[in-house]
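The values are calculated or read from the model by the stated rules, or taken from the named source; none is laboratory data. No experiment lies behind these values; they were computed from the predicted model shown. All Cβ positions, even for glycine, are placed from backbone atoms using ideal geometry, and neighbour counts span all protein chains on display. In case anyone asks, the SASA skips ligands and DNA or RNA and just uses the protein heavy atoms, side chains included. Shrake-Rupley method; radii C 1.70, N 1.55, O 1.52, S 1.80 Å.
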Amino acid sequence: VDQVLAENGKDIEKVEAKLNTANDQITSLQGQLEDRDGQLKDLKKSAGDNEELKQQIADLQKANEDTKKNLESQLQQTKVNSAINLALSGAKARDAKAVMPFINRDTLKLNEDGSVAGLKEQIEAVKKDKGFLFESDESKPDGKRINVFQQGNPSGGESGDSLVSKIASRLTEK
């Protein structure tokens, strides 16, 4: 009988431990609910001050608009730079970076189709004034190499004759 009661006591202790853990969790959750209710009340109070919220929203909208304008400006600048580089490549510029300082970006305007108005004229003017920055349109050599010397030693073969004997033989020929 004592053993049965001891076994039963162990089971009851386990159930009581689980019950205590569940009660602690319930108490904790009730505290969290009370905190949330307090936060909601505070939010309702701050929402009652509608002008302050409207001002915050207006400030955020203005910041978003400013950021949008900056990004659009950067995108336009990137498109113009790409169009300039492409046009310089088509105009056979030796180095696009060397030509860039001579392009007046203030007068350029990006068209809807991605072309840049006024760019062609500026490139032609730079080409006329600073032609060395562009590859010439003149015909290039056909690629044949000009050899000034034949392969090997141009001084002749190894005949064994000295320079003095060669001079003497030439003088006697006349």
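Just a few scattered comments:
- Ser136 falls short on exactly one of the conditions (1) at pLDDT 85 or above; (2) in a loop (DSSP other than H, G, I, E, B); (3) of a type in the set (S, T, N, Q), and that condition is (1).
- Restricting attention to region 62-99 and to residues that are acidic (Asp, Glu) and open to solvent by 70 Å² or more (accessible area, probe 1.4 Å), the residue that is modelled with the highest pLDDT turns out to be Asp95.
- Residue list for region 110-133, filter: at pLDDT 85 or above and either open to solvent by 100 Å² or more (accessible area, probe 1.4 Å) or more than 21 Å from Ala83 (Cβ to Cβ) (or both): Lys120, Glu121, Lys128, Asp129, Gly131, Phe132
- Given (1) surrounded by 12 or more Cβ atoms within 10 Å (Cβ to Cβ); (2) modelled with pLDDT under 80, index of the condition Ser159 fails: (1)
- Residue in region 101-112 that is of a type in the set (S, T, N, Q), out of contact with any Leu (no Cβ under 6 Å at 6 or more places or on another chain) and in a helix (DSSP H, G or I) present: yes
- Conditions (1) closer than 30 Å to Ala117 by Cα; (2) open to solvent by 100 Å² or more (accessible area, probe 1.4 Å); (3) not polar (S, T, N, Q): number failed by Lys10: (1)
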